[in-house]
Amino acid sequence: MSGENHYILQVRGNQKSLLRQVRINTAGNARCVDGFRKTSLSGGCLETRDVSVYKDISGISEERVALKRPVRVERNVLTGKAEDYETACYTGDLRSGRAAVFAEHVRSRWGMENRLHRVKDAIMKEDISKTAKGMAAENISIIRNISINLFGSNGLVSVKYAMELCNSNFMELPGLIYSKPGKYKKT
């Protein structure tokens with residue numbers, strides 16, 4: 001990959017052979033190149049993340065030549081009522097063997113994904129949408145993404161407020177598209 005951009009992707013169950021191989025390659029600590037642990041307390045939850053980076057990419061399909069490091073993330077969340085434990089597998093094109101680098105990428109990815117999904121689900125009600133015919137669901141999702149980006153580029157950090165503004169004043173919509181960024185910024 002050229003430039004400074006890299007990727008790290010979670011390997012999920014729909015990639016059965018890759019997931020199986022990454023699990024094999026990350027089993028046991030003997031082959032671990034580096035480990036990183038981060039513990040944080042937030043909202044009454046004690047969360048510990050253990051990130052382990054491995055060098056072994058044997059057995060991974062040759063068509064996935066860009067993959068350089070298998071990574072295992074173990075997450076333990078302890079609340080006053082319960083304990084939750086999960087293990088996730090990742091891989092990416094970073095050659096770095098430093099687990100702290102991968103920990104930062106994984107954490108920022110989830111932060112971004114959680115913010116976007118929260119907006120699309122809780123505010124825009126995407127998960128309860130009945131739209132399912134043809135490409136309609138994908139198209140409406142694209143329109144939601146465009147709306148979120150238009151709101152943000154115009155300084156409307158609250159999507160809920162932006163939607164209320166546009167719902168009650170339809171004439172504001174063209175202004176969002178053609179205005180200079182930041183027109184609606186609250187001072």
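Read-outs throughout are calculated quantities, based only on the coordinates presented, and are distinct from any laboratory measurement. Quick caveat, the model's predicted, so the values are computed rather than measured. FYI the Cβ positions are ideal-geometry reconstructions off the backbone, even for glycines, and counts take in every protein chain you see.
Can you pull the one-decimal nm distance between simple spin-label points at ARG12 and THR79, each 7 Å off the Cα toward Cβ?
Those two pseudo-labels are separated by 2.3 nm.
Tell me, what HN-Hα J-couplings in whole Hz come from the Karplus equation 6.51 cos²θ - 1.76 cosθ + 1.60 at θ = phi - 60° for each residue of region 44-52, using x for Gly and Pro?
For region 44-52, the Karplus curve yields x, 10, 9, 10, 10, 10, 10, 10, 10 Hz.
Ranked highest first by average number of other Cβ atoms within 10 Å, how do 32-38, 20-26 line up?
Listed from highest to lowest mean packing, they are 20-26, 32-38.
Cross-link partners among aspartates and glutamates for LYS81, C-alpha distance below 17 Å, same-chain residues fewer than 8 apart left out?
GLU47
What list of ³J(HN,Hα) values in whole Hz, one per residue of region 132-140 in order, does the Karplus curve 6.51 cos²θ - 1.76 cosθ + 1.60 (θ = phi - 60°) give from phi, with Gly and Pro shown as x?
9, 7, x, 9, 4, 4, 5, 5, 5
Starting at the first residue of region 13-27, write each ³J(HN,Hα) from the Karplus equation 6.51 cos²θ - 1.76 cosθ + 1.60 with θ = phi - 60°, in whole Hz, x for Gly and Pro.
3J(HN,Hα) across region 13-27, in whole Hz: x, 6, 10, 3, 5, 5, 4, 4, 5, 5, 4, 5, 6, 10, 6.
From the helices alone, meaning DSSP H stretches of at least four residues, give me the mean residue ellipticity at 222 nm for the chain, per-run term -39500 (n - 2.57), in deg cm²/dmol to the nearest 500. Walk me through the numbers before you get to the answer.
Details: 5 runs with 64 residues, N = 187.
Using -39500 (n - 2.57) per qualifying helix, the result is -11000 deg cm²/dmol.
Mind checking which aspartates and glutamates have their C-alpha under 13 Å from LYS55, skipping anything on the same chain fewer than 8 residues away?
Within the straight-line limit of under 13 Å, LYS55 reaches these aspartates and glutamates: ASP34, ASP93.
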